[in-house]
Amino acid sequence: MARIIGGITSSHIPAVGNAIANGLTQEPYWKRFFDGYKPAQAWLEQHKPDIAIVVYNDHGLNFFLDKVPTFALGCADRYDNADEGWALKPVAPFQGNTPFSWHIAEKLVDQEFDICTCQEMKVDHGFVNPIRALWGTHEVWPITTIPLAVNTVQHPVPSALRCFKLGQALRNAVESYEEDLKVVVLGTGGMSHQLQGERAGLINREFDTRFLDNLSRDPEALTRISHLEYLRETGSEGIEMVMWLIMRGALDDSVKERYRFYHVPASNTALGHIILENTR
């Protein structure tokens with residue numbers, strides 16, 4: 001059967017794509033950022049997952065403020081990257097696994113998650129940049145992907161608890177698939193950051209550190225954080241961290257933290273990066 005081997009979190013800072021495209025990864029501003037991903041690259045090389053389920057938020061490529069599903073699952077055989085106004089060359093398309101996607105969709109509905117299914121889906125920096133940081137850039141990607149888009153933009157957004165429960169349902173769905181596949185779940189976005197307004201540039205290292213601590217040892221404590229607390233403590237974009245709880249819910253109750261990296265500043269965003277491994 002399919003099984004989830006672990007989860008990885010990664011901020012999806014838009015400027016990362018620009019740094020990669022323009023050969024800036026070893027410049028002083030970016031070097032520590034990209035060096036921080038090397039242990040995760042080694043972990044992925046060691047464990048060689050077949051599929052990455054990428055939990056991210058769409059930034060207007062598929063959904064805009066007039067139509068935003070709470071949760072949307074990619075059910076296509078490929079996912080194309082598109083220009084978001086940065087004038088960057090789109091990367092190579094990502095290969096999907098349509099039978100696996102439809103299996104997940106069906107099993108999520110069976111567990112009372114009425115998810116939006118997308119037979120055509122473009123992917124933006126929220127999806128692409130974590131993959132490029134973890135696997136590099138390829139003409140043919142070494143990993144099959146399934147996008148899981150979460151609304152963290154338009155009110156009302158899903159609660160932390162709802163996201164955690166979706167992760168648990170996702171685990172059940174994966175483990176009921178008969179093919180022998182190794183799956184890694186990526187939780188993207190965050191950590192604390194605000195890109196506009198009077199609090200632009202807000203970083204809350206204390207909150208972020210506590211969040212990372214609890215992600216591995218007490219995730220249910222994180223499900224009790226309200227939207228208002230996220231907004232107050234982590235800025236207007238910090239709510240993206242609810243997507244990490246989907247990743248965490250998909251893992252076993254007890255996990256091993258293999259690596260952690262926290263770095264600021266990275267384009268006015270606190271980078272949070274952690275590897276959690278299932279041990280059974």
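Derivation of every value follows stated rules applied to the coordinates shown; laboratory data play no part. Computed from a prediction, not measured in an experiment: that's the story for all the values here. Neighbour counts run over all protein chains shown; Cβ positions are idealised from the backbone, glycine included.
Give me the net charge of Gly126's neighbourhood, meaning all other residues with Cβ under 9 Å from the Cβ of Gly126; Lys, Arg count +1, Asp, Glu -1. Write down the numbers at each step before the final one.
Values: positive: none; negative: Asp58, Asp124, Glu240.
Neighbourhood net charge equals -3.
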Å³ per residue of the Cα convex hull, for the range 103-204? 160 Å³
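Across all directions of projection, what mean area in square nanometres is found for the Cα convex hull of the range 191-280? Don't skip to the end; give the middle numbers.
On the way: hull surface 21.8 nm².
Value for the range 191-280: 5.5 nm².
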Per-residue ellipticity at 222 nm for the chain, helices alone: DSSP H runs ≥ 4 residues times -39500 (n - 2.57), over residue total, nearest 500 deg cm²/dmol? -10500 deg cm²/dmol
With each label point set 7 Å from Cα along the Cα-Cβ vector, what nm distance links Gln154 and Arg210? 3.3 nm
Based on a Kirkwood Rh over C-alpha pairs, give the Stokes-Einstein translational diffusion coefficient of the range 3-278 at 20 °C and viscosity 1.002 mPa s in µm²/s. 116 µm²/s
